[in-house]
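Notes follow once the structure below has been shown.
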Amino acid sequence: MDIDPFRIRAHVAEFDAIVEDIVAASVRTRETLQMEADIAYGTGSDETLDVFFPAGSRGKLPVHIFVHGGYWRMFSKRDYSYVAETVTRTGAIAVIIDYSLMPKMRMNVLVDQVRRAARWVAENISAYGGDPSRLTVSGHSAGAHLATFLFHQQSSPSMVRAALLLGGVYNLKPLQASFLAPEIGITDTEVAAFSPISHSYDTRCRVVVAVGADETPPFHQQATEFAISLEQQGLAVSVQTIYSANHMSSVRDLGQLESASGTLLRTLLIGV
């Protein structure tokens, strides 16, 4: 029997070890970087974000928002604090956001939360030394999916100057026949409303669509198709394959400045 290509644990032997590594790295990050934790961007218990600062004085610094993955039903911002290492070492403020999880909440809630978190950043980050006109975003897997709604045409002017989408899901339809069906039960309505491949985007945003070379075929296919869609809309798009990387190692390496993933993130930040 074929193994579900969306079941990451079945294709990444070191899945649990990588998760342990990123959680431990996130603990170290929170212990060592200057930060303000659990800032509310809404009234819900899940509607908080963490802000991490680079060393030195602050004033009109670039700002980067990271949206975590987990197929919309697991992990939290605390598990991904380590991404702030690369962001702050590049001289930018890192904002790691939280959102509610499925199936308790539906996709429309998650998309709205991510948009409101970005709105909070645009309206408030200057008080923390950031420049909202130098805003970039990134996301991994389901987080890449959610990050697309931050430079969505409906968000125009989005203020997002560049985005890094890593191992993303841009067409929700195939997930209805995956192992996720009994876990989160993506509906036909959600497929139609929240599949990025069928949406329009802010043409002022520069986008890097990245995928690990060792990802399963659907992730490569979706990355290619989404990049083509963005290019046809007039966005500046770069497609990057991260060699010797799988779905989990690619995101783990975002926190390592000199890694291939870290270099993509650092280059995105330097360009704003």
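The values are calculated or read from the model by the stated rules, or taken from the named source; none is laboratory data. In this text the structure is predicted, and so the values were computed from the model without any measurement. Don't worry about glycine lacking a Cβ; one is built from the backbone with ideal geometry, like all the others, and counts go over all protein chains shown.
Among what's in the stretch 214-242 and is of a type in the set (A, V, I, L, M, F, W, C) and part of a loop (DSSP other than H, G, I, E, B), pick the residue that is surrounded by the fewest Cβ atoms within 10 Å (Cβ to Cβ).
Residues of the stretch 214-242 of a type in the set (A, V, I, L, M, F, W, C): 219, 223, 226-228, 230, 235-237, 239, 242.
Keeping just the survivors that are part of a loop (DSSP other than H, G, I, E, B) gives 235-236.
Numbers: Leu235: 19, Ala236: 13.
The extreme case among them is Ala236.
Within the set of pairs 6 or more residues apart or between chains, which connect a residue that is charged (D, E, K, R) inside the stretch 103-115 to a residue that is crowded, with 16+ Cβ neighbours inside 10 Å and at pLDDT 95 or above with Cβ atoms less than 8 Å apart?
Matching pairs, first to second residue: Arg106/Glu190; Arg115/Phe149; Arg115/Leu150.
Tell me which residues, restricted to the stretch 33-67, are within 19 Å of the chain's Cα centre (by Cα), in a loop (DSSP other than H, G, I, E, B) and either of a type in the set (D, E, K, R) or more than 20 Å from Ile125 (Cα to Cα) (or both).
Listed by number, the residues that qualify are Asp46, Glu47.
Hey, Thr88 hits all of (1) surrounded by fewer than 20 Cβ atoms within 10 Å (Cβ to Cβ); (2) under 19 Å from His140 (Cα atoms) but one; which does it fall short on?
With respect to (1) surrounded by fewer than 20 Cβ atoms within 10 Å (Cβ to Cβ); (2) under 19 Å from His140 (Cα atoms), Thr88 is out only on (1).
What residue, of Ala163, Ala245, Ala144, is assigned to a helix (DSSP H, G or I), of a type in the set (Gly, Ala, Ser), crowded, with 18+ Cβ neighbours inside 10 Å and out of contact with any His (no Cβ under 9 Å at 6 or more places or on another chain)? Before you say what the answer is, go through the steps one by one.
Details: Ala163 fails: assigned to a helix (DSSP H, G or I); Ala245 fails: assigned to a helix (DSSP H, G or I).
Just one listed residue meets the conditions, Ala144.
Of all residues being aliphatic (A, V, I, L, M) and under 17 Å from the mean Cα position of the chain (by Cα) in the stretch 258-272, which is surrounded by the most Cβ atoms within 10 Å (Cβ to Cβ)? Just the residue, please. Walk me through it before giving the result.
Step one: of the stretch 258-272, the residues aliphatic (A, V, I, L, M) are 260, 264-265, 268-270, 272.
Checking which are under 17 Å from the mean Cα position of the chain (by Cα) leaves us with 260, 264-265, 268-269.
Working: Ala260: 20, Leu264: 22, Leu265: 28, Leu268: 25, Leu269: 23.
So, considering only residues that are aliphatic (A, V, I, L, M) and under 17 Å from the mean Cα position of the chain (by Cα), the one surrounded by the most Cβ atoms within 10 Å (Cβ to Cβ) is Leu265.
For Asp21, only one of the following conditions fails: (1) in contact with a Gly (Cβ under 8 Å, 6 or more places away or on another chain); (2) in a helix (DSSP H, G or I). What is its number?
Only one criterion is unmet by Asp21, namely (1).
Can you pull out the residues in the stretch 209-230 that are over 15 Å from Ile197 (Cα atoms) and not polar (S, T, N, Q)? I'd like the intermediate steps shown before the answer.
Taking the stretch 209-230 as the starting set, the residues that turn out to be over 15 Å from Ile197 (Cα atoms) are 210-217.
Ala210, Val211, Gly212, Ala213, Asp214, Glu215, Pro217, listed by residue number.
Do we find that Gln113 is in contact with a Ser or Thr (Cβ under 7 Å, 6 or more places away or on another chain) and modelled with pLDDT under 95 in this structure? Full working, then the answer.
Numbers: in contact with a Ser or Thr (Cβ under 7 Å, 6 or more places away or on another chain): yes; modelled with pLDDT under 95: no.
So Gln113 fails the test.
Rundown of residues vs (1) free of Cβ contacts under 8 Å to residues at least 40 places away in the same chain; (2) among the aromatic types (Phe, Trp, Tyr); (3) farther than 22 Å from Gly185 by Cβ, yes/no style:
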| position | (1), (2), (3) |
| --- | --- |
| Val23 | no, no, yes |
| Arg28 | no, no, yes |
| Thr32 | yes, no, yes |
| Val51 | no, no, yes |
| Phe66 | no, yes, yes |
| Asp79 | no, no, yes |
| Ile97 | no, no, yes |
| Glu123 | yes, no, yes |
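Quickly run through the stretch 128-141 and pick out the residues that are of a type in the set (S, T, N, Q) and surrounded by fewer than 19 Cβ atoms within 10 Å (Cβ to Cβ). Steps first, answer last, please.
In the first step, residues of the stretch 128-141 are kept if they are of a type in the set (S, T, N, Q); the result is 133, 136, 138, 141.
Within the stretch 128-141, Ser133 is the sole residue that qualifies.
Hey, among Thr216, Thr203, which residue is in contact with a helix residue (DSSP H, G or I) (Cβ under 7 Å, 6 or more places away or on another chain), under 26 Å from Ala10 (Cβ atoms) and of a type in the set (S, T, N, Q)?
Details: Thr203 fails: under 26 Å from Ala10 (Cβ atoms).
Answer to the check: Thr216.
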